[in-house]
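What follows is a single structure, written as structure tokens, with notes after it.
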Amino acid sequence: MMISSYYKFHLITFVASINTMRFCLEVWGTDYNKIKETCILAEKLGYYGFYYGEALAHIDLDCWTVISSLIALTNKIKLGPIITYLYPQYRSIALLAKQAVTFQEISDGRLEFRTGAGATPQYAVQWWHPYGIDYPKEFVRISMLREGIEVLKALWNQYDKDSNAPSSTHSSIFYDGKFYRINGASPFELNTGPRFTKTKIPITISAKKSLMLYLAVKFADIWEASYLTPQEFEVLNFEFERINQEMVKGANKTNVHPDTIRSGTSKSIELDVIIADSESELEYKKKLFNMERGPASYSQILKRGLIGTPEKVATRVKEYADKGINQFLLAFQDPFDLGALEVFADAVKGI
């Protein structure tokens, strides 16, 4: 794929402005003591974020209860869901908005609000159907996501200057969408005193396909892609930047105000991790992963993961950073392998 000199310059400029790398943990499971212990250690080791899975099924506890309980046990690490779902049949968007601002207040601004359109039906239906929740088709989920984010930003008083945004008169919000409706609600504030949210709630959007990339360009403070090689991310990143430029240049045609286009959006990658101090231990972990996940998943992680001794992993991290990544969401083979968390933290110091 040939890349124009314009986009080469644009990417070089962006890479030169990357901040210090941020490393975040993706954790799941139902052993609360392990979850708590891992979060506390992650903060001590300097990890930037600790994100827990959301699922009604038996694989996880309730996400927002768990991450709320971690606020008092930590001081600076960011907390949030791996992904929180904006499906009307699943939860009230207004209640979620209030949960988020309450979390932001109690945690002193440490919430990372992470969302996306969800996985393919072939994978995801099994987690929703048993609980009587329909799992919509992709284009419907994307429409739900767009409306949901617009409503959330209005209730958080984080408006975009977009003619499609909810209308507001004397602090009352009105929104009449296909999936969500707000009939004159006020943004969430305390009755007296300062704003309920001490700082803006940052939004992370997971996106790889074109329609989702448009949403990420428009709404995301952090854009996240999943399970790509550095070269694959480079190609997708050019598409992200192309869409960004298209929305800026065609603002009137696309009905988007130029002020809403974000420049310098942080860019994150979700990756599996297998790391060990020795080659023999590494081979054992790789065999274990192969048995647990199967040959197909194992083959993919070898191509699209952080696999190796500390030196090899650090080199791989630098390859991603050179392509424009400044945040990593890490899914360790065993999310509660505290030794591996320490080895990784030591390996990436100074990057």
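Readers should treat all values here as calculations from the given coordinates under stated rules, not as data from a laboratory. Just so it is clear, the model here is predicted, and its values are computed rather than measured. Neighbour counts run over all protein chains shown; Cβ positions are idealised from the backbone, glycine included.
For this structure, a couple of remarks:
- Percent of Cα pairs exceeding the 15 Å cut-off, where the set is region 71-112: 45
- Listed residue pairs exceeding 18 Å between alpha carbons, taken from LYS76/LYS200; LYS34/LYS303; LYS78/LYS286; LYS209/LYS318: LYS34/LYS303; LYS78/LYS286; LYS209/LYS318
- Cross-link reach is defined here as a Cα-Cα straight distance under 14 Å, omitting same-chain residues fewer than 8 places apart; for LYS287 the aspartates and glutamates meeting it are GLU279, ASP334.
- Charged-residue dipole, Cβ positions (Lys, Arg, Asp, Glu), region 78-167 about Cα centre, Debye nearest 20: 100
- Amide hydrogen neighbours beyond the local backbone of PHE328, cut-off 5 Å, H modeled: ARG22, PHE23, CYS24, ILE269
- Added length on full extension, which subtracts the Cα-Cα distance from 0.36 nm per residue, GLU311 to GLN245: 20.0 nm
- ALA57 versus LYS36: modelled label distance in nm, points set 7 Å from Cα along the beta carbon direction: 2.7
- Electrostatic tally near ALA72: other residues with Cβ closer than 14 Å to its Cβ, Lys and Arg +1, Asp and Glu -1, net 0.
- Loop-located trypsin sites (Lys or Arg not before Pro) in region 43-110 (DSSP state other than H, G, I, E, B) with a sparse environment of at most 11 neighbouring Cβ atoms within 10 Å: LYS76.
- Straight-distance candidates among the aspartates and glutamates for linking to LYS349, with alpha-carbon spacing under 16 Å and chain neighbours fewer than 8 residues away dropped: GLU43, ASP277, GLU311, GLU319.
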